[in-house]
Amino acid sequence: EAGVTQFPSHSVIEKGQTVTLRCDPISGHDNLYWYRRVMGKEIKFLLHFVKESKQDESGMPNNRFLAERTGGTYSTLKVQPAELEDSGVYFCASSPRTAGEQYFGPGTRLTVT
Amino acid sequence: EDKVVQSPLSLVVHEGDTVTLNCSYEVTNFRSLLWYKQEKKAPTFLFMLTSSGIEKKSGRLSSILDKKELSSILNITATQTGDSAIYLCAVNDYKLSFGAGTTVTVRA
């Protein structure tokens, strides 16, 4: 069974540009989560989808971040415009049930210069 | 805000030693506690604990939850160099709140 996949693995962009990260969850997992680790800090929650609906987006830092999950399969996280403080590793996780174990992807390392 | 504290932050042991990692938490709506191992990329799921006093075991790794003390421990026995990693504790109240992790280095 394929695990959670994320694309790209690494992205370097300039401040003010737009970047879109993609996550493909484990097949059949209705729950999809985005998390972020910025330098030196803990992994922090961004948002949670159940199928195509946003269940909780309380961790989204500001309105420059937009997450979508059209059709309830893969998800995208767009940052527009990117700022220096957005640099970090963005993880996606999926789970077969809410409050169940979450399986993580390898992350996308975003560097904003 | 939910709080998860892991200790120690790092430790170095020799192959064959036993290590005990600690995790304490303060959360509003506790559902479960999870342990992950992170080597290079993706945190790898180890255990999910929901009930106090019931040990979960997988090979040389085991973990137990104490909901009265709001804590959990992860034990690794007969450590091997392949156990070198960051071990993350996370508490689930529908989203995960992570601790800072414990970096374990196992020397041959």
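Laboratory data are not the source of any read-out in this text; all were calculated from the coordinates shown. Keep in mind that what you see is a predicted model, and the values were worked out from it rather than measured. Reconstructed Cβ throughout: ideal geometry from the backbone, glycine too, with neighbour counts over all protein chains shown.
Before moving on, here are some points about what is shown:
- Taking B:THR81, B:THR28, B:THR44 as the candidate residues, the one with maximal mean-square fluctuation in a Gaussian network model of chain B, Cα springs under 10 Å, is B:THR28.
- Gyration tensor over the Cα atoms of segment A:36-85: the corresponding equivalent ellipsoid has semi-axes (square roots of 5 times the eigenvalues, largest first) of 21, 13, 9 Å.
- Residues of segment B:28-52 with amide N under 14 Å of a point placed 7 Å along Cα→Cβ from B:GLU69: B:52
- Shape category assigned to segment B:1-72 from the gyration tensor of Cα positions, a/c cut at 1.5: prolate
- Choice from B:SER58, B:SER84, B:SER24 with maximal GNM fluctuation in chain B (Cα, 10 Å cutoff): B:SER58
- Loop-resident GluC sites (Glu not before Pro) (DSSP state other than H, G, I, E or B) in segment B:6-53 with no more than 14 further Cβ atoms inside 10 Å of their Cβ: B:GLU15, B:GLU39.
- Legend: ranking of residues A:ARG109, A:ARG69, B:ARG107 from fewest to most surrounding C-beta atoms inside 10 Å; resulting order B:ARG107, A:ARG109, A:ARG69.
- The dipole here belongs to segment A:8-113: it is taken about the Cα centre, uses +1 on the Cβ of Lys and Arg and -1 on the Cβ of Asp and Glu, and is about 80 debye.
- Working note: Karplus 6.51/-1.76/1.60 with θ = phi - 60° gives segment A:10-23 the couplings 8, 9, 10, 9, 8, 3, x, 7, 10, 9, 10, 9, 10, 9 Hz, where Gly and Pro are set to x.
- The relative contact order of chain B comes to 38 percent, based on Cα pairs under 8 Å that sit 6 or more residues apart.
- Anisotropy class of chain A from Cα gyration tensor, a/c 1.5 cut: prolate
- Among the trypsin sites (Lys or Arg not before Pro) in segment B:1-99, those placed in a DSSP loop whose Cβ has at most 11 other Cβ atoms within 10 Å are B:LYS40, B:LYS68.
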